[in-house]
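Q: Next up is a structure, given as structure tokens.
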Amino acid sequence: MLSRVAERIYWMARYIERAENSARLITVYNHLWLDLPNRVRLGWRPLIDIAGNQNLFGQQYKAINEHNIIEFLVNNMDNPASILCSLSQARENMRTIRDIVSTEAWESVNDLYFYAKENAKSGTSLTRMFEVLNELIKNCQGLTGLLAGTMSHDEAYEFVRLGRFLERADMSTRILDTGAVNILPYTGKEEYKIFINIHWMSVLKSLDAYHSFRRCIHPRVSGHGVVNYLLRDTDFPRTLMYCLDEMANCLQRLPNHAEIREQTTSLQRRIEEKEIDDLLEHNELHEFLDDLQIEIGSMHTSIANAWFVLDVTQVQTQ
């Protein structure tokens, strides 16, 4: 397989996953606002923090408010994490590898992009927001299933899975990180106990993990339980450990994977050995998750070095 083809497949999968994650995140955050006590208001800034595009947002918008942040995350083409930009890039990458993916998959991503383009503006209006975003989530999930059901599960498909699970691992750590930072000012205050529980529930719902969490963890939602589950559970498809396991499985079927496989194993070992209680009690969770995100970024660089570019100085992120 040509390196440029592998890179296109990898980024196609990342952009599809990114669009779905962004749509889910906005939807859940809006529901969280409805559930919060009147005395507690988080503001919309955490959504920008999760996306990691604070500087870009500040360059384009003067006010940090609901309308500007949703517009930035839904249809701003200068924001590589926006839904419309992500779907545009997924479509462009798939267009160049039409001989690898099925006609049905191409038609699906094409239809999805044009639906997003036609409805992105209305997606920033509260009256239609949930309808549009839920439709985008459903169709992104359908596209993921279509790729799984219509592509040969050869090396090309391993790059689909590699891109998907790396993007998913990155988003899971960002959501958990931002959720933990928001909760710190209220920890230990009895009057905010209900709010804290609601907030941890929203972190789970952002990853569609709430029902699976309650099925596996019978006691009610708690910070320790949520952090432990989202980092270490090996059965739910959006936990960090599950994503790393799937990436390790992908790597076994690809050549020249030794360095990246070692990074994956090392990261899994760090997660298993870390004491969750210590992270929460000493307010070290933010620093730990920052380190994990740096490692995930380093894994992308290693993937690019191994398969996409000849000159390591050309490695870039998107």
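Q: If a residue has to be surrounded by 21 or more Cβ atoms within 10 Å (Cβ to Cβ) and at pLDDT 90 or above to count, how many in the stretch 205-228 make the cut?
A: 4
Q: Checking residue 200 against (1) at pLDDT 90 or above; (2) surrounded by 18 or more Cβ atoms within 10 Å (Cβ to Cβ); (3) not small (Gly, Ala, Ser): exactly one of these is not met. Which one?
A: In the conditions (1) at pLDDT 90 or above; (2) surrounded by 18 or more Cβ atoms within 10 Å (Cβ to Cβ); (3) not small (Gly, Ala, Ser), residue 200 misses (1) alone.
Q: List every residue pair whose Cβ atoms lie under 6 Å apart, where the two residues are 6 or more positions apart in sequence or sit on different chains, the first residue falls within the stretch 139-152 and is loosely packed, with under 13 Cβ neighbours inside 10 Å, and the second residue, located anywhere, is not acidic (Asp, Glu).
A: none
Q: Quick one: which of 215, 270 is part of a helix (DSSP H, G or I), touching a Leu at 6+ places or on another chain (Cβ under 9 Å), free of Cβ contacts under 8 Å to residues at least 60 places away in the same chain and not aromatic (Phe, Trp, Tyr)?
A: Values: 215 fails: touching a Leu at 6+ places or on another chain (Cβ under 9 Å).
Sole residue among the options that is part of a helix (DSSP H, G or I), touching a Leu at 6+ places or on another chain (Cβ under 9 Å), free of Cβ contacts under 8 Å to residues at least 60 places away in the same chain and not aromatic (Phe, Trp, Tyr): 270.
Q: Please enumerate the residues belonging to the stretch 144-173 that are among the acidic types (Asp, Glu) and either touching a Leu at 6+ places or on another chain (Cβ under 8 Å) or part of a helix (DSSP H, G or I) (or both).
A: Taking the stretch 144-173 first, the residues among the acidic types (Asp, Glu) are 154-155, 158, 167, 170.
Passing the criteria: 155, 158, 167, 170.
Q: Here is a follow-up. Could you please find all residues in the stretch 1-23 being surrounded by fewer than 23 Cβ atoms within 10 Å (Cβ to Cβ), more than 18 Å from residue 250 (Cβ to Cβ) and touching a helix residue (DSSP H, G or I) at 6+ places or on another chain (Cβ under 9 Å)?
A: Hit for the stretch 1-23 is 4, nothing else.
Q: Oh, and also: Suppose we keep only residues that are at pLDDT below 85 and surrounded by 16 or more Cβ atoms within 10 Å (Cβ to Cβ) within the stretch 278-308. Which one would you say is nearest to residue 179 (Cα to Cα)?
A: Filtering the stretch 278-308 for residues that are at pLDDT below 85 and surrounded by 16 or more Cβ atoms within 10 Å (Cβ to Cβ), the one nearest to residue 179 (Cα to Cα) comes out as 280.
The values are calculated or read from the model by the stated rules, or taken from the named source; none is laboratory data. What you see is a predicted model, and the numbers here were worked out from it, not measured in a lab. Virtual Cβ from ideal backbone geometry, glycine too; neighbours counted across all protein chains shown.
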